[in-house]
Amino acid sequence: MSTGKASAIIAAGTMVSRVLGFIKMAMLVIAIGQSSSAAGAAFGLANQLPNNVYALVAGGVMSAVLVPQIVKASKAADGGEAYVSKILTLGGSVFIGLAVIATVAAPVLVDLYAIAGDGFSAEQMTVAIGLAYWCMPQILFYAIYTLLGEIYNARSQFGPYTWAPVANNVISIAGLGFFIWLFGGEAVNRSIDVWDWDRVMVLGLVTTAGVAVQALVLVLFFRRTGMRFRLDFGWRGVGLRATGKASLWLFGIVIIGQVKGLVQSRVATLGDGANILTMQNAWYLFSLPHSIIAVSIAIAYFTRMSHHAASHDMSGIRADLSSALRAVGMLTTISALVLAVVAVPFARILEPRFELMMAMAWVIWAFLVCLVAFSAEYVVQRVFFALGDTRTAFVYSCFGMFVTFAGLWWASTLPPEWIIAGTALAVSVANLISFAVWLVLVRVKIGPFGFKLIAIRHIQYLAYGLLAAAAGFGVVLALGGYRPGGFGTINVLGAVTTCVAAGLVMGLIYFGLLFITRNPDFRATVDVVLDRFRRGRSSAEPVERVEPAEPV
């Protein structure tokens, strides 16, 4: 399968999943509220605990270690089947134990991540612990999904891995509808006083059931990988030692990431108005273009980079990195500007009062500061992981941890109503610094990769994006999207209409400018999209392949 076709499949599945994810997010807010909701903050904390483990694993450990190793193992006589059986048996055993331990330790973990009394009330802590008991088993289901998903990716079977979250969202939406039917909406459930065992059990089961079904989809379609799985506890002789060495450094990254997440959560529980659930939903919006664009392109390129690394083809890695960064930058630049322009009317979808809309909008704006850099860093890190270099990521993570701590300390000194926005800004600034360092590190690792060309293209994207943003701002302003009682903030229909209108205007202007100026990245991306509908010709690369020579 070509890189362009793989990216298109991944992006399509991710887009459908994210649309359903927005519906799930809105259903959750309808059920328990968001900002100024004591119950919403408690759920946000409880559900974040297993998600923290998943984000760290899926974002680094599993993909960084398994894809290169599976690609190497595929050259064996059995196509890597023995290696896969052993790694699945090992991973499953480890994560079953981890899920059991985490579930038993739920009260301790909640206490670590929240500041009781000063941030969370005793009642909120009790509800959060009850929800955490039901949410912690998600760790096992996330691990199964990620382990199997990386095998699908390494075998270039991207469809099931990408589309499985759709099943998760469908189950969650249905379950939240059942919860609302049983217990009513946020007008009742936002108060922590009404939360009895029945409410905790149903919401916990609904949340975990969706993740379980997501993992089950990959189990049911595993034959599509061309492999068969059997339990194999004989973990010697198939290269697991190499996997272990790579995992050792990444385990350190996991620990550092957990420490950063712990400190961030404790600071976030000090917020008033906008709370930890507000921050999670704002991050969900922020991560939409990252997931659809950067992850879709990076996953497809990562498999290619792993093959290049296996054959010691550094020129291929450099060309892939340059192509991926330009494609990601072209699409994330306009995405960040669109989300910034529609932040207030979008917040109206989840918040009924204008002051709460603005509180969420500030959090969204703070996160968007680093969207382009965050997505680009994700691509750059795949180079190191493809080369089996996890030590560099660990060493840098140690430095990045202290940068993040400094920003979070600053956020904790702000007035309570600004703590969540300050926390988001601290994370963004840390990511900007992180990306700058990673650019230097990758230049040292693989040599010149065309930074001058990449920078010039990004400047073009920003210039076109700002022109589009000015027009989009005018649309939102005209529709009353920045004032209380305006069409864009009066109700959900007005907010959605305003967001869509501004997004369409900005998209037409931005991509129109790229078309008129014959931007090569845009034209190559269009070729990929059109090729999905022309079965008679092979897919093109997402963007032009250039073997750069100029230094950084």
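The values are calculated or read from the model by the stated rules, or taken from the named source; none is laboratory data. Every value quoted in this text rests on a predicted model; they were computed, and no experiment measured them. Don't worry about glycine lacking a Cβ; one is built from the backbone with ideal geometry, like all the others, and counts go over all protein chains shown. The area values use the complete protein model at the heavy-atom level, side chains included, leaving out ligands, DNA and RNA. Shrake-Rupley method; radii C 1.70, N 1.55, O 1.52, S 1.80 Å.
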Counted residues, the range 86-121 - those being at pLDDT 80 or above and either closer than 24 Å to P416 by Cα or assigned to a loop (DSSP other than H, G, I, E, B) (or both)
4
For the range 329-441, list the helices (runs of 4 or more DSSP H) that sit wholly inside it and hold at least 2 residues that are open to solvent by 30 Å² or more (accessible area, probe 1.4 Å) and under 27 Å from A463 (Cβ atoms); which are they?
354-368, 371-386
Selected residue [open to solvent by 10 Å² or more (accessible area, probe 1.4 Å) and in a loop (DSSP other than H, G, I, E, B)] from H290, H312, H307:
H312
On the given criteria, is A373 in contact (Cβ under 8 Å) with a residue 12 or more places away in the chain and touching a Phe, Trp or Tyr at 6+ places or on another chain (Cβ under 7 Å)?
yes
Answer residue from the range 442-456, given it is part of a helix (DSSP H, G or I) and of a type in the set (A, V, I, L, M, F, W, C) and is most open to solvent (accessible area, probe 1.4 Å) among those
V444
Residue pairs meeting the criteria (Cβ under 7 Å; at least 6 apart or on separate chains; first without any contact (Cβ under 8 Å) to a residue 40 or more places away in the chain, in the range 202-214; second of a type in the set (S, T, Y)):
V206/S172
Restricting to the range 480-522, name every residue that is within 27 Å of the chain's Cα centre (by Cα) and at pLDDT below 90.
V492, D521, F522
Can you confirm whether the range 217-224 contains a residue that is modelled with pLDDT of 75 or more, among the aromatic types (F, W, Y) and closer than 19 Å to L148 by Cβ?
yes
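For the range 319-331, indicate whether the set of residues that are modelled with pLDDT under 70 and not acidic (D, E) is non-empty.
Here is the first cut: in the range 319-331, the ones modelled with pLDDT under 70 are none.
Taking every residue of the range 319-331 in turn, none turns out to be modelled with pLDDT under 70 and not acidic (D, E).
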Checklist (1) more than 20 Å from Y145 (Cβ to Cβ); (2) at pLDDT below 75; (3) open to solvent by less than 30 Å² (accessible area, probe 1.4 Å) applied to M227, failing item
(1)
Within the range 320-365, the residues that are among the basic types (K, R) and either in contact with a strand residue (DSSP E or B) (Cβ under 7 Å, 6 or more places away or on another chain) or within 12 Å of T489 (Cβ to Cβ) (or both) are R348, R353
Taking the condition of being assigned to a helix (DSSP H, G or I), more than 28 Å from the chain's Cα centre (by Cα) and of a type in the set (D, E, K, R), how many residues in the range 178-218 meet it?
3
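Answer with yes or no whether A549 is small (G, A, S) and at pLDDT 90 or above.
Here the answer is no, as A549 does not meet what is asked.
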